[in-house]
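Working notes for the structure below.
The values are calculated or read from the model by the stated rules, or taken from the named source; none is laboratory data. Note that the structure is a prediction, hence the values are computed from the model and not measured. SASA here: full protein model, heavy atoms, side chains in, ligands and nucleic acids out. Shrake-Rupley method; radii C 1.70, N 1.55, O 1.52, S 1.80 Å.
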Amino acid sequence: MAARFSGVLQLTELDDFIAPSQECIKPVKVDKKPGKAAARIRIEADGSYFQVNQAAAAHEQKLVVVSVSPQSRASLAARCKLGLLETAQKLTTFLKGLGVHHVFDTTFSRNFSLLESQQEFVRRFHKQAEDKKALPMLASACPGWICYAEKTHGSFIIPHISTTKSPQQVMGSLVKGYFAEQQHLPPDRIYHVTVMPCYDKKLEASRPDFFNQEYQTRDVDCVITTGEVLKLLEQEGVSLSDVDPAPLDTMLGRAAEELSSHGGGGSGGYLEHIFRHAARELFGIHAASIHYKPLKNKDFQEVTLERDGEVLLQFALAYGFRNIQNLVQKLKRGKCPYHYVEVMACPSGCLNGGGQIKLEGESSKEELQQVERLYESLRAEIPEENQAVRELYEHWLGGWGSERALQVLHTQYHAVERASSALSIKW
(Lines give C-alpha, C1' and ligand atoms only; values in the text may rest on other atoms or scores of the structure.)
Protein backbone atom coordinates (compact mmCIF):
# COMPACT_ATOMS: atom_id res chain seq x y z
CA MET A 1 0.00 0.00 0.00
CA ALA A 2 1.44 3.34 -1.03
CA ALA A 3 2.11 5.62 1.92
CA ARG A 4 0.29 8.51 0.29
CA PHE A 5 -3.11 6.97 0.76
CA SER A 6 -4.77 8.01 4.02
CA GLY A 7 -3.76 6.25 7.22
CA VAL A 8 -7.33 5.04 7.71
CA LEU A 9 -7.24 3.33 4.33
CA GLN A 10 -3.85 1.73 4.94
CA LEU A 11 -5.03 0.27 8.23
CA THR A 12 -7.72 -1.74 6.43
CA GLU A 13 -4.88 -3.68 4.75
CA LEU A 14 -6.30 -3.17 1.30
CA ASP A 15 -4.65 -5.33 -1.33
CA ASP A 16 -7.07 -5.09 -4.23
CA PHE A 17 -6.50 -1.59 -5.58
CA ILE A 18 -3.86 -0.13 -7.85
CA ALA A 19 -1.33 2.15 -6.16
CA PRO A 20 -0.76 5.66 -7.53
CA SER A 21 2.15 6.22 -9.90
CA GLN A 22 3.69 9.15 -11.74
CA GLU A 23 1.28 8.62 -14.64
CA CYS A 24 -2.47 9.07 -14.43
CA ILE A 25 -4.16 5.74 -13.86
CA LYS A 26 -7.52 5.14 -15.46
CA PRO A 27 -9.75 3.91 -12.62
CA VAL A 28 -10.93 0.65 -14.14
CA LYS A 29 -11.18 -2.78 -12.66
CA VAL A 30 -7.83 -4.48 -13.15
CA ASP A 31 -8.05 -7.89 -14.79
CA LYS A 32 -5.04 -9.59 -13.24
CA LYS A 33 -4.32 -12.08 -16.02
CA PRO A 34 -0.74 -13.05 -16.81
CA GLY A 35 0.92 -10.49 -19.04
CA LYS A 36 -1.89 -7.94 -18.82
CA ALA A 37 -0.90 -4.53 -17.43
CA ALA A 38 -3.07 -1.87 -15.77
CA ALA A 39 -4.67 0.55 -18.23
CA ARG A 40 -2.99 3.95 -18.54
CA ILE A 41 -4.26 7.03 -20.33
CA ARG A 42 -2.13 9.63 -22.09
CA ILE A 43 -3.78 12.95 -22.99
CA GLU A 44 -2.37 14.56 -26.10
CA ALA A 45 -1.90 18.29 -26.72
CA ASP A 46 -4.79 18.37 -29.18
CA GLY A 47 -7.22 17.07 -26.56
CA SER A 48 -7.32 13.51 -27.83
CA TYR A 49 -6.28 10.64 -25.62
CA PHE A 50 -5.22 7.08 -26.00
CA GLN A 51 -4.93 4.09 -23.76
CA VAL A 52 -1.37 2.83 -23.45
CA ASN A 53 -0.93 -0.93 -23.33
CA GLN A 54 1.10 -3.67 -24.98
CA ALA A 55 -1.00 -3.69 -28.14
CA ALA A 56 -1.77 -0.79 -30.46
CA ALA A 57 -4.45 1.32 -28.74
CA ALA A 58 -7.49 2.90 -30.27
CA HIS A 59 -7.16 6.65 -30.83
CA GLU A 60 -10.43 8.49 -30.26
CA GLN A 61 -11.27 12.17 -30.06
CA LYS A 62 -13.00 13.22 -26.83
CA LEU A 63 -14.04 16.42 -25.11
CA VAL A 64 -11.68 16.78 -22.15
CA VAL A 65 -13.03 18.35 -18.95
CA VAL A 66 -10.97 18.98 -15.80
CA SER A 67 -12.68 19.71 -12.47
CA VAL A 68 -10.42 21.29 -9.81
CA SER A 69 -11.09 21.08 -6.07
CA PRO A 70 -10.73 24.28 -4.01
CA GLN A 71 -8.37 22.48 -1.60
CA SER A 72 -5.99 21.65 -4.47
CA ARG A 73 -6.15 25.23 -5.72
CA ALA A 74 -5.27 26.55 -2.25
CA SER A 75 -2.28 24.19 -2.00
CA LEU A 76 -0.99 25.27 -5.42
CA ALA A 77 -1.52 28.94 -4.54
CA ALA A 78 0.49 28.57 -1.32
CA ARG A 79 3.35 26.80 -3.09
CA CYS A 80 3.46 29.25 -6.04
CA LYS A 81 2.91 32.31 -3.81
CA LEU A 82 -0.16 33.41 -5.77
CA GLY A 83 -3.69 34.47 -4.90
CA LEU A 84 -6.50 31.95 -5.33
CA LEU A 85 -8.14 33.71 -8.28
CA GLU A 86 -4.76 34.10 -9.99
CA THR A 87 -4.03 30.43 -9.42
CA ALA A 88 -7.37 29.36 -10.89
CA GLN A 89 -6.96 31.57 -13.96
CA LYS A 90 -3.35 30.56 -14.62
CA LEU A 91 -4.08 26.87 -14.05
CA THR A 92 -6.92 27.17 -16.58
CA THR A 93 -4.45 28.56 -19.15
CA PHE A 94 -1.92 25.81 -18.43
CA LEU A 95 -4.45 22.98 -18.69
CA LYS A 96 -6.00 24.35 -21.87
CA GLY A 97 -2.51 24.59 -23.31
CA LEU A 98 -2.31 20.81 -22.82
CA GLY A 99 -5.50 20.35 -24.83
CA VAL A 100 -8.16 20.50 -22.10
CA HIS A 101 -11.40 22.05 -23.36
CA HIS A 102 -13.15 23.07 -20.12
CA VAL A 103 -11.90 23.65 -16.56
CA PHE A 104 -14.51 23.70 -13.78
CA ASP A 105 -14.47 24.34 -10.02
CA THR A 106 -15.88 21.62 -7.75
CA THR A 107 -17.10 24.31 -5.34
CA PHE A 108 -20.12 24.33 -7.67
CA SER A 109 -20.87 20.63 -7.22
CA ARG A 110 -20.33 20.88 -3.45
CA ASN A 111 -23.42 23.11 -3.30
CA PHE A 112 -25.46 20.06 -4.31
CA SER A 113 -23.68 17.83 -1.78
CA LEU A 114 -24.39 20.31 1.04
CA LEU A 115 -28.04 20.82 0.08
CA GLU A 116 -28.70 17.10 -0.26
CA SER A 117 -26.92 16.39 3.06
CA GLN A 118 -29.04 19.01 4.82
CA GLN A 119 -32.29 17.52 3.55
CA GLU A 120 -31.14 13.97 4.25
CA PHE A 121 -30.34 14.87 7.87
CA VAL A 122 -33.79 16.36 8.45
CA ARG A 123 -35.41 13.22 6.98
CA ARG A 124 -33.31 11.01 9.25
CA PHE A 125 -34.08 13.16 12.31
CA HIS A 126 -37.80 12.63 11.76
CA LYS A 127 -37.25 8.87 11.29
CA GLN A 128 -35.08 8.27 14.38
CA ALA A 129 -37.98 7.08 16.57
CA GLU A 130 -38.72 4.18 14.21
CA ASP A 131 -35.18 3.60 12.89
CA LYS A 132 -32.43 3.48 15.51
CA LYS A 133 -29.75 3.60 12.81
CA ALA A 134 -31.07 6.78 11.22
CA LEU A 135 -28.84 8.77 13.59
CA PRO A 136 -26.11 9.63 14.04
CA MET A 137 -25.70 10.49 10.38
CA LEU A 138 -22.05 10.20 9.35
CA ALA A 139 -20.51 12.26 6.54
CA SER A 140 -19.82 10.46 3.26
CA ALA A 141 -17.51 12.86 1.37
CA CYS A 142 -14.24 11.15 2.45
CA PRO A 143 -13.51 7.97 0.43
CA GLY A 144 -10.81 6.82 2.86
CA TRP A 145 -13.36 6.76 5.67
CA ILE A 146 -15.99 5.08 3.44
CA CYS A 147 -13.60 2.32 2.34
CA TYR A 148 -12.53 1.74 5.94
CA ALA A 149 -16.15 1.55 7.11
CA GLU A 150 -17.15 -0.89 4.36
CA LYS A 151 -14.17 -3.19 4.90
CA THR A 152 -13.88 -3.05 8.68
CA HIS A 153 -17.34 -2.49 10.15
CA GLY A 154 -19.61 -3.37 7.25
CA SER A 155 -23.33 -3.59 7.83
CA PHE A 156 -23.10 -2.11 11.34
CA ILE A 157 -21.82 1.31 10.22
CA ILE A 158 -23.24 1.56 6.69
CA PRO A 159 -26.83 2.49 7.70
CA HIS A 160 -25.45 5.54 9.53
CA ILE A 161 -23.49 6.88 6.53
CA SER A 162 -25.03 9.68 4.48
CA THR A 163 -26.03 8.51 1.00
CA THR A 164 -25.21 11.89 -0.56
CA LYS A 165 -22.44 11.75 -3.16
CA SER A 166 -19.18 13.60 -2.58
CA PRO A 167 -18.50 16.81 -4.55
CA GLN A 168 -16.18 14.83 -6.87
CA GLN A 169 -18.88 12.34 -7.76
CA VAL A 170 -21.64 14.96 -7.98
CA MET A 171 -19.36 16.76 -10.45
CA GLY A 172 -19.03 13.49 -12.34
CA SER A 173 -22.82 13.23 -12.58
CA LEU A 174 -23.11 16.85 -13.72
CA VAL A 175 -20.34 16.59 -16.33
CA LYS A 176 -21.46 13.25 -17.80
CA GLY A 177 -25.14 14.16 -17.42
CA TYR A 178 -26.17 17.81 -17.63
CA PHE A 179 -23.04 19.12 -19.37
CA ALA A 180 -22.99 16.24 -21.87
CA GLU A 181 -26.59 17.06 -22.79
CA GLN A 182 -25.72 20.74 -23.27
CA GLN A 183 -22.83 19.74 -25.55
CA HIS A 184 -25.08 17.28 -27.45
CA LEU A 185 -22.67 14.47 -26.67
CA PRO A 186 -23.16 11.01 -25.16
CA PRO A 187 -21.37 10.60 -21.79
CA ASP A 188 -18.70 8.35 -23.26
CA ARG A 189 -17.52 11.14 -25.59
CA ILE A 190 -16.39 13.20 -22.60
CA TYR A 191 -13.17 12.43 -20.75
CA HIS A 192 -13.49 13.79 -17.21
CA VAL A 193 -10.43 14.41 -15.01
CA THR A 194 -10.56 15.70 -11.43
CA VAL A 195 -7.77 17.38 -9.45
CA MET A 196 -8.05 16.34 -5.81
CA PRO A 197 -6.15 16.78 -2.49
CA CYS A 198 -6.34 13.06 -1.81
CA TYR A 199 -5.11 9.78 -3.33
CA ASP A 200 -8.17 8.02 -1.91
CA LYS A 201 -10.28 9.89 -4.50
CA LYS A 202 -8.74 7.61 -7.15
CA LEU A 203 -10.43 4.68 -5.41
CA GLU A 204 -13.72 6.54 -5.10
CA ALA A 205 -13.81 7.20 -8.85
CA SER A 206 -13.23 3.48 -9.51
CA ARG A 207 -16.29 2.31 -7.54
CA PRO A 208 -18.73 0.24 -9.64
CA ASP A 209 -21.56 2.50 -8.38
CA PHE A 210 -20.14 5.36 -10.46
CA PHE A 211 -19.98 3.44 -13.74
CA ASN A 212 -22.59 4.02 -16.46
CA GLN A 213 -23.44 0.58 -17.81
CA GLU A 214 -25.40 1.91 -20.80
CA TYR A 215 -22.50 3.98 -22.15
CA GLN A 216 -19.67 1.97 -20.54
CA THR A 217 -18.11 5.07 -19.02
CA ARG A 218 -17.20 6.34 -15.55
CA ASP A 219 -18.48 9.59 -14.07
CA VAL A 220 -14.82 10.44 -13.34
CA ASP A 221 -12.37 8.87 -15.79
CA CYS A 222 -9.13 9.94 -14.12
CA VAL A 223 -8.06 11.49 -10.81
CA ILE A 224 -4.80 13.36 -10.36
CA THR A 225 -3.64 14.83 -7.06
CA THR A 226 -2.39 18.34 -6.36
CA GLY A 227 1.15 17.02 -6.08
CA GLU A 228 0.82 15.32 -9.46
CA VAL A 229 -0.28 18.64 -11.02
CA LEU A 230 2.88 20.25 -9.62
CA LYS A 231 4.96 17.43 -11.13
CA LEU A 232 3.17 17.96 -14.45
CA LEU A 233 4.09 21.66 -14.33
CA GLU A 234 7.70 20.75 -13.58
CA GLN A 235 7.82 18.16 -16.38
CA GLU A 236 6.52 20.78 -18.82
CA GLY A 237 9.10 23.28 -17.54
CA VAL A 238 6.34 25.73 -16.59
CA SER A 239 6.22 28.06 -13.58
CA LEU A 240 2.59 28.84 -12.81
CA SER A 241 3.45 32.43 -11.84
CA ASP A 242 4.72 33.06 -15.40
CA VAL A 243 1.53 31.84 -17.08
CA ASP A 244 -1.01 34.36 -18.40
CA PRO A 245 -4.45 34.21 -16.75
CA ALA A 246 -7.56 32.99 -18.60
CA PRO A 247 -11.29 33.49 -17.90
CA LEU A 248 -12.83 30.86 -15.63
CA ASP A 249 -15.36 28.40 -17.06
CA THR A 250 -18.72 27.67 -15.44
CA MET A 251 -21.14 24.81 -15.93
CA LEU A 252 -23.84 27.11 -17.31
CA GLY A 253 -21.53 28.83 -19.78
CA ARG A 254 -21.25 32.18 -18.02
CA ALA A 255 -17.71 33.37 -17.40
CA ALA A 256 -16.95 33.55 -13.65
CA GLU A 257 -15.25 36.72 -12.45
CA GLU A 258 -14.58 35.59 -8.89
CA LEU A 259 -14.21 32.51 -6.76
CA SER A 260 -16.30 31.58 -3.76
CA SER A 261 -16.03 28.96 -1.05
CA HIS A 262 -18.14 27.42 1.70
CA GLY A 263 -17.71 28.41 5.32
CA GLY A 264 -16.99 25.87 8.03
CA GLY A 265 -13.47 24.64 7.45
CA GLY A 266 -11.34 23.11 4.74
CA SER A 267 -13.26 19.83 4.47
CA GLY A 268 -16.35 21.40 2.97
CA GLY A 269 -18.23 22.79 5.95
CA TYR A 270 -20.72 19.93 6.17
CA LEU A 271 -21.14 20.19 9.95
CA GLU A 272 -21.87 23.93 9.93
CA HIS A 273 -24.23 23.90 6.95
CA ILE A 274 -26.25 20.95 8.23
CA PHE A 275 -26.25 22.36 11.79
CA ARG A 276 -27.61 25.75 10.71
CA HIS A 277 -30.20 24.19 8.41
CA ALA A 278 -31.39 21.70 11.05
CA ALA A 279 -31.58 24.39 13.76
CA ARG A 280 -33.76 26.53 11.51
CA GLU A 281 -35.85 23.74 9.94
CA LEU A 282 -36.45 21.62 13.05
CA PHE A 283 -36.51 24.18 15.86
CA GLY A 284 -36.96 27.60 14.24
CA ILE A 285 -33.62 28.78 15.64
CA HIS A 286 -31.25 31.01 13.66
CA ALA A 287 -27.75 29.78 14.59
CA ALA A 288 -25.77 32.87 13.62
CA SER A 289 -22.57 31.84 15.38
CA ILE A 290 -21.27 28.33 15.97
CA HIS A 291 -19.00 27.54 18.91
CA TYR A 292 -16.68 24.54 18.69
CA LYS A 293 -15.69 22.73 21.87
CA PRO A 294 -12.38 20.83 21.43
CA LEU A 295 -12.27 17.53 23.32
CA LYS A 296 -9.12 15.37 23.36
CA ASN A 297 -7.57 17.28 20.44
CA LYS A 298 -8.38 19.87 17.76
CA ASP A 299 -9.41 17.07 15.40
CA PHE A 300 -12.31 16.05 17.64
CA GLN A 301 -14.69 18.88 18.44
CA GLU A 302 -18.32 19.23 19.44
CA VAL A 303 -21.03 21.74 18.50
CA THR A 304 -24.23 21.88 20.56
CA LEU A 305 -27.59 23.61 20.11
CA GLU A 306 -29.44 24.24 23.39
CA ARG A 307 -32.71 25.90 24.39
CA ASP A 308 -33.65 26.50 28.02
CA GLY A 309 -30.94 24.10 29.15
CA GLU A 310 -32.14 21.29 26.86
CA VAL A 311 -29.75 19.88 24.24
CA LEU A 312 -31.57 19.93 20.90
CA LEU A 313 -28.70 19.04 18.56
CA GLN A 314 -25.22 17.72 19.23
CA PHE A 315 -22.78 17.52 16.31
CA ALA A 316 -19.10 16.63 16.14
CA LEU A 317 -16.19 16.51 13.74
CA ALA A 318 -13.79 13.56 13.88
CA TYR A 319 -10.63 13.76 11.78
CA GLY A 320 -7.87 11.15 11.63
CA PHE A 321 -7.82 7.44 12.47
CA ARG A 322 -7.62 7.67 16.27
CA ASN A 323 -10.70 9.86 16.46
CA ILE A 324 -12.57 7.73 13.92
CA GLN A 325 -11.73 4.62 15.94
CA ASN A 326 -13.04 6.25 19.14
CA LEU A 327 -16.21 7.30 17.34
CA VAL A 328 -16.84 3.78 16.03
CA GLN A 329 -16.29 2.28 19.49
CA LYS A 330 -18.81 4.73 20.99
CA LEU A 331 -21.31 3.71 18.33
CA LYS A 332 -20.77 0.01 19.01
CA ARG A 333 -21.27 0.53 22.75
CA GLY A 334 -24.43 2.53 22.13
CA LYS A 335 -22.87 5.56 23.79
CA CYS A 336 -22.58 7.94 20.86
CA PRO A 337 -24.40 11.17 21.83
CA TYR A 338 -24.20 12.83 18.42
CA HIS A 339 -26.82 13.47 15.79
CA TYR A 340 -24.26 14.14 13.05
CA VAL A 341 -20.49 13.65 12.68
CA GLU A 342 -18.27 15.14 9.96
CA VAL A 343 -15.79 12.29 9.49
CA MET A 344 -12.52 12.76 7.57
CA ALA A 345 -9.61 10.30 7.32
CA CYS A 346 -6.82 12.90 7.39
CA PRO A 347 -5.78 14.86 10.51
CA SER A 348 -6.70 18.53 9.89
CA GLY A 349 -9.06 17.39 7.13
CA CYS A 350 -8.91 17.73 3.35
CA LEU A 351 -6.54 20.71 3.23
CA ASN A 352 -3.97 18.32 4.70
CA GLY A 353 -4.84 15.47 2.33
CA GLY A 354 -2.20 12.97 1.27
CA GLY A 355 -2.25 14.30 -2.29
CA GLN A 356 -1.49 17.89 -1.34
CA ILE A 357 1.91 19.51 -1.92
CA LYS A 358 4.06 18.67 1.10
CA LEU A 359 7.21 20.05 2.68
CA GLU A 360 9.38 18.24 5.19
CA GLY A 361 9.95 19.41 8.75
CA GLU A 362 8.70 22.43 10.68
CA SER A 363 7.98 24.48 7.56
CA SER A 364 5.24 22.00 6.59
CA LYS A 365 3.08 23.33 9.45
CA GLU A 366 3.56 26.88 8.24
CA GLU A 367 2.62 25.87 4.70
CA LEU A 368 -0.55 24.15 5.93
CA GLN A 369 -1.46 27.29 7.89
CA GLN A 370 -0.94 29.36 4.73
CA VAL A 371 -3.14 26.96 2.75
CA GLU A 372 -5.83 27.32 5.43
CA ARG A 373 -5.59 31.13 5.38
CA LEU A 374 -5.91 31.22 1.59
CA TYR A 375 -8.84 28.80 1.61
CA GLU A 376 -10.70 30.85 4.22
CA SER A 377 -10.05 34.17 2.45
CA LEU A 378 -12.79 33.71 -0.15
CA ARG A 379 -16.35 34.93 0.07
CA ALA A 380 -18.49 32.26 1.73
CA GLU A 381 -21.25 31.08 -0.58
CA ILE A 382 -24.70 30.06 0.67
CA PRO A 383 -25.82 27.04 -1.41
CA GLU A 384 -29.51 27.96 -1.23
CA GLU A 385 -28.75 31.33 -2.81
CA ASN A 386 -26.77 30.06 -5.81
CA GLN A 387 -28.91 30.86 -8.87
CA ALA A 388 -27.14 28.37 -11.15
CA VAL A 389 -27.73 25.57 -8.63
CA ARG A 390 -31.41 26.53 -8.37
CA GLU A 391 -31.74 26.43 -12.15
CA LEU A 392 -30.28 22.93 -12.39
CA TYR A 393 -32.51 21.64 -9.59
CA GLU A 394 -35.59 23.11 -11.26
CA HIS A 395 -34.94 22.39 -14.94
CA TRP A 396 -32.67 19.33 -14.95
CA LEU A 397 -33.38 17.47 -11.70
CA GLY A 398 -37.09 18.16 -11.52
CA GLY A 399 -37.11 20.17 -8.29
CA TRP A 400 -35.93 19.82 -4.69
CA GLY A 401 -36.27 16.30 -3.29
CA SER A 402 -37.37 14.83 -6.62
CA GLU A 403 -36.87 11.18 -7.53
CA ARG A 404 -34.36 12.25 -10.17
CA ALA A 405 -32.37 14.25 -7.60
CA LEU A 406 -32.24 11.19 -5.33
CA GLN A 407 -31.12 9.03 -8.25
CA VAL A 408 -28.45 11.43 -9.56
CA LEU A 409 -27.06 12.86 -6.30
CA HIS A 410 -27.12 9.85 -3.98
CA THR A 411 -25.34 6.49 -3.86
CA GLN A 412 -25.13 3.33 -1.76
CA TYR A 413 -22.48 1.44 0.19
CA HIS A 414 -21.57 -2.22 0.45
CA ALA A 415 -20.21 -4.31 3.29
CA VAL A 416 -17.03 -6.03 2.08
CA GLU A 417 -16.04 -9.37 3.57
CA ARG A 418 -12.31 -9.64 4.14
CA ALA A 419 -10.81 -12.47 2.15
CA SER A 420 -8.65 -14.67 4.33
CA SER A 421 -5.90 -16.67 2.69
CA ALA A 422 -2.34 -17.68 3.39
CA LEU A 423 -1.22 -15.13 0.77
CA SER A 424 -2.49 -12.26 2.92
CA ILE A 425 -0.28 -13.15 5.86
CA LYS A 426 2.56 -10.67 6.39
CA TRP A 427 5.67 -12.65 7.29
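Would you mind checking which residues have amide H under 5 Å from His410's amide H? H placed 1.01 Å from N; only 5 or more apart, or other chain.
Residues meeting the amide H criterion: Lys165.
Mind computing the radius of gyration and Dmax over the alpha-carbon atoms of region 277-427? Å is fine for both.
For region 277-427, the Cα radius of gyration and maximum Cα-Cα distance read 20.3, 59 Å.
Which value, in Å to one decimal place, does the Kirkwood hydrodynamic radius take for region 340-395 when every pair of different Cα atoms is included?
14.2
Would you mind estimating how fast region 215-349 diffuses translationally, via Stokes-Einstein at 10 °C and 1.306 mPa s with the Kirkwood radius over Cα pairs, in µm²/s?
So the translational diffusion coefficient is about 85 µm²/s.
Any number yet on Rg/Rh for region 126-193, C-alpha, Kirkwood?
In region 126-193, Rg relative to Rh is 1.16.
Rounded to whole Å and sorted largest first, list the principal axis extents of the Cα atoms in region 164-219.
Cα extents, longest axis first: 32, 21, 19 Å.
Relative contact order of region 278-427: what whole-number percent is it, with Cα pairs under 8 angstrom and at least 6 residues apart?
Normalised by residue count, the contact order of region 278-427 is 11 percent.
More than 17 Å apart: what percent of Cα pairs in region 225-275 qualify?
The proportion of pairs with Cα distances above 17 Å equals 65 percent.
For region 169-288, what is Rg from Cα atoms divided by 2.2 N^0.38 Å, rounded to two decimals?
So the Cα radius of gyration is 1.35 times the expected 2.2 N^0.38 Å.
Express the Stokes-Einstein translational diffusion coefficient of region 106-252 in µm² s⁻¹, to the nearest whole number, given a Kirkwood radius over alpha-carbon pairs, 25 °C and a viscosity of 0.890 mPa s.
The diffusion coefficient I find is 141 µm²/s.
Could you state the accessible area per residue of region 83-130 in Å², with a 1.4 Å probe and every protein chain left in place?
32
Quick one: Karplus J couplings for region 130-140, per residue in order, coefficients 6.51, -1.76, 1.60, θ = phi - 60°, nearest Hz, x for Gly and Pro?
3J(HN,Hα) across region 130-140, in whole Hz: 9, 10, 5, 9, 5, 10, x, 8, 10, 4, 10.
For a quick size check, give me the Cα extents of region 280-348 along its three principal axes, largest first, whole Å.
Result, largest extent first: 35, 26, 19 Å.
I need the Debye-formula profile for region 76-157: one equal scatterer per C-alpha, no solvent, reported as log10 I(q)/I(0) at q = 0.17, 0.23 1/Å, two decimals.
Computed log10 I(q)/I(0) values: -0.86, -1.11.
Ignoring everything but the protein chains, give the 1.4 Å probe accessible area of Glu376 in square angstrom, nearest 10.
Roll a 1.4 Å probe over it and Glu376 shows about 130 Å².
If amide H atoms are built 1.01 Å from N in the plane of the peptide, which residues on other chains or at least 5 residues away come under 5 Å of the amide H of Thr106?
Sorted by chain and number, the residues that satisfy this are Val68, Ser69.
List every residue whose amide H lies under 5 Å from the amide H of Met137, counting only residues 5 or more places away in sequence or on a different chain, with H placed 1.01 Å from N in the peptide plane.
Correct list: Tyr340, Val341.
Given the pairs Lys132/Lys202; Lys298/Lys332; Lys127/Lys332; Lys176/Lys202; Lys96/Lys358, which span a C-alpha to C-alpha distance of over 28 angstrom in this model?
Check vs 28 Å cut-off fails for Lys132/Lys202.
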